[in-house]
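Notes follow the structure.
The values are calculated or read from the model by the stated rules, or taken from the named source; none is laboratory data. Values in this document were obtained by computation on a predicted structure and should not be read as measured data. For neighbour counting, all protein chains shown are included, and Cβ atoms are generated from backbone atoms with ideal geometry for every residue, glycine included. Just the protein is used for accessible areas: all its heavy atoms, side chains included, with ligands, DNA and RNA removed. Shrake-Rupley method; radii C 1.70, N 1.55, O 1.52, S 1.80 Å.
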Amino acid sequence: MSIRSHERLVIENDLHRALDQQEFQLFYQPRVDPRTGTIQCSEALLRWKHPKLGMIPPDKFIPIAEESGLIVPLGAWVLHEACRQNKAWQDAGYAPMRVAVNVSAKQFGRGLTDSVAQALKESGLAPDWLEIEITESVLTDNENTVIASLRKLKSMGVHLAIDDFGTGYSNLAFLMKFEVDTLKIDRSFIQNIHRNIEHQLITTSVISLAHNLGMRVVTEGVETIEEHQFLLKYEPNEAQGYYYARPASALAYEKDNLNKQAHIG
Ligand code: C2E
Ligand code: MG
Ligand code: MG
Ligand code: MG
């Protein structure tokens, strides 16, 4: 058996117990105002600290969690933990910012809106400080359930973002119907943007259309100063990427990112 399929078997077997064993952890990466560096939002990114395999990135286990249905309780835990942490940061006096939580298509129609409501209630976080990130593929999946859930989330006062925009098939008019607040332009368009005219045309067009439609724009995956400086003239509302900060544990995030911002209270 190859190492890769062996690893997959181990992951499948161990995933079931991992939630009970408290092996999951949230890392945080800031979405900043690129002009000032001020943190606008903290994106929660799931990590699995496997006792033998070490830190496993989400791309390796989320598809397996989706297949087995574990994504439902796991996704509920992520919502809970992200809301709790954001409220704790607010209570500690850090300048309030949103927390963004990624959710998978498989969570729709399986208690997502209830999980969100419960996470907000139990943490005491106001809904305005939570943003749900979904990919375009969610919107084209079983449409009616998704529309109903997104409407419910909006009516609760939660923000919605489209992640990895440009890699799927949705169009902007379609997004208007869902009352999306934020578009996150996929990293593939941002990479080397200062040298790629096609990516420049796409990015500037998407930003101006999104702004005309009243949406905020985040440029994802900014890695270099050249990309950062080039993007400034397009005036995205927020930018995210290794150039500003890498994802870090809550403790490291607080120390290295939040402490650099002005404290209030
Ligand atoms: P995403 O939501 O699009 O998150 C961005 C990914 O790109 C993260 O990978 C982040 O670490 C990485 N990234 C950020 N800045 C840069 C950069 O400048 N350059 C490069 N090369 N990469 C950058 P990560 O943490 O491995 O997450 C991968 C994906 O897993 C996420 O993509 C998201 O779709 C999914 N995911 C993460 N956490 C959760 C979760 O709690 N639930 C669900 N359903 N999915 C999650
Ligand atoms: Mg995301
Ligand atoms: Mg993304
Ligand atoms: Mg992604």
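I need the semi-axes of the equivalent ellipsoid of segment 117-265: take the C-alpha gyration tensor, multiply each eigenvalue by 5, square-root it, list largest first in whole angstrom. Please report the intermediate quantities before stating the final value.
On the way: eigenvalues 134, 115, 32 Å².
Its equivalent ellipsoid spans semi-axes of 26, 24, 13 Å.
Mind running the shape call on segment 1-117? Use the C-alpha gyration tensor, a ≥ b ≥ c as the square roots of the eigenvalues: rounded below 1.5 for a/c, prolate if a/b tops b/c, oblate otherwise. Each step should come with its number before you reach the end.
Details: a/c = 2.21, a/b = 1.69, b/c = 1.30.
It is prolate, given that a/c is not under 1.5 and a/b is the larger ratio.
Using the Cβ atoms and a cut-off under 9 Å, what net charge is assigned to the surroundings of Leu160, where Lys and Arg are +1 and Asp and Glu are -1? The partial results should precede the final answer.
Working: positive: Lys154; negative: Glu131, Glu133, Glu179, Asp181.
Net charge in that neighbourhood comes out at -3.
Using only the Cα atoms of segment 1-43, build the gyration tensor, take square roots of its eigenvalues as a ≥ b ≥ c, and label the shape rounded, prolate or oblate: rounded if a/c is under 1.5, else prolate if a/b is larger than b/c, else oblate.
Values: a/c = 7.48, a/b = 2.40, b/c = 3.12.
Note, shape of segment 1-43 comes out oblate.
Quick one, could you list the DSSP H helices from the chain stretching 27 Å or more along their long axis (Cα atoms) with average Kyte-Doolittle hydropathy of -0.5 or above?
Working: long enough: 71-91 (29 Å, -0.21).
Span-like helices in the chain: 71-91.
Under the definition of Cα pairs under 8 Å and six or more residues apart, what whole-number percent is the relative contact order of segment 1-61? Let's see the in-between values first.
Working: 62 pairs, mean separation 15.3, N = 61.
Once normalised by length, the contact order is 25 percent.
Roughly speaking, to the nearest percent, how much of the chain's 1.4 Å accessible area is carbon and sulfur?
Working: 6540 of 13030 Å².
Percent of accessible area from carbon and sulfur atoms in the chain: 50.
What does the extension gain come out to for Arg246 and Thr167, with contour length at 0.36 nm per residue minus their alpha carbon separation? Before the final figure, lay out each step's value.
On the way: separation 79, 0.36 × 79 = 28.44 nm, distance 2.25 nm.
Result for the pair: 26.2 nm of gain on full extension.
What is the distance in Å between the Cα centres of segment 124-157 and segment 48-66?
Centre-to-centre distance over Cα atoms comes out at 25 Å.
For segment 157-231, which chymotrypsin sites (Phe, Trp or Tyr not before Pro) are in a loop by DSSP, counting at most 16 other Cβ atoms within 10 Å? Could you put the intermediate results ahead of the total?
On the way: sites: Phe165, Tyr169, Phe174, Phe178, Phe189, Phe230; in loops: Tyr169, Phe178.
Counting only loop positions with at most 16 other Cβ atoms within 10 Å, the chymotrypsin sites (Phe, Trp or Tyr not before Pro) in segment 157-231 are Tyr169.
Here is the link list: Lys87/Lys260; Lys233/Lys260; Lys52/Lys121; Lys121/Lys154; Lys152/Lys184. Which ones come out longer than 28 Å on Cα distance? Walk me through the numbers on the way to the answer.
Working: Lys87/Lys260 19 Å; Lys233/Lys260 25 Å; Lys52/Lys121 36 Å; Lys121/Lys154 16 Å; Lys152/Lys184 22 Å.
With Cα atoms farther than 28 Å apart: Lys52/Lys121.
Once segment 112-196 is represented by equal point scatterers at the alpha-carbon sites, with solvent omitted, what log10 I(q)/I(0) does the Debye formula produce at q = 0.23 Å⁻¹?
These q points yield log10 I(q)/I(0) values of -1.11.
Assuming a ≥ b ≥ c are the square roots of the Cα gyration tensor eigenvalues, decide whether the chain counts as rounded (a/c under 1.5), prolate (otherwise, with a/b larger than b/c) or oblate.
Values: a/c = 1.29, a/b = 1.26, b/c = 1.03.
The shape class here is rounded.
Gaussian network model of the chain, Cα springs within a sub-10 Å range: biggest mean-square fluctuation belongs to which of Thr113, Thr203, Thr140?
Sorting by GNM fluctuation, first place goes to Thr140.
Can you list the residues of segment 4-39 with backbone N under 20 Å from a point 7 Å past the Cα of Ala88, pointing along Cα to Cβ?
Residues passing the 20 Å test: 19-31.
Less than 18 Å from a label point 7 Å out along the Cα-to-Cβ axis of Ile64: which backbone N atoms in segment 1-32 qualify, by residue?
1-25
What accessible area per residue comes out for the chain, rounded to a whole number of Å², with a 1.4 Å probe? Please list the in-between numbers first.
On the way: 13030 Å² over 265 residues.
Per residue, the chain has 49 Å² of solvent-accessible surface.
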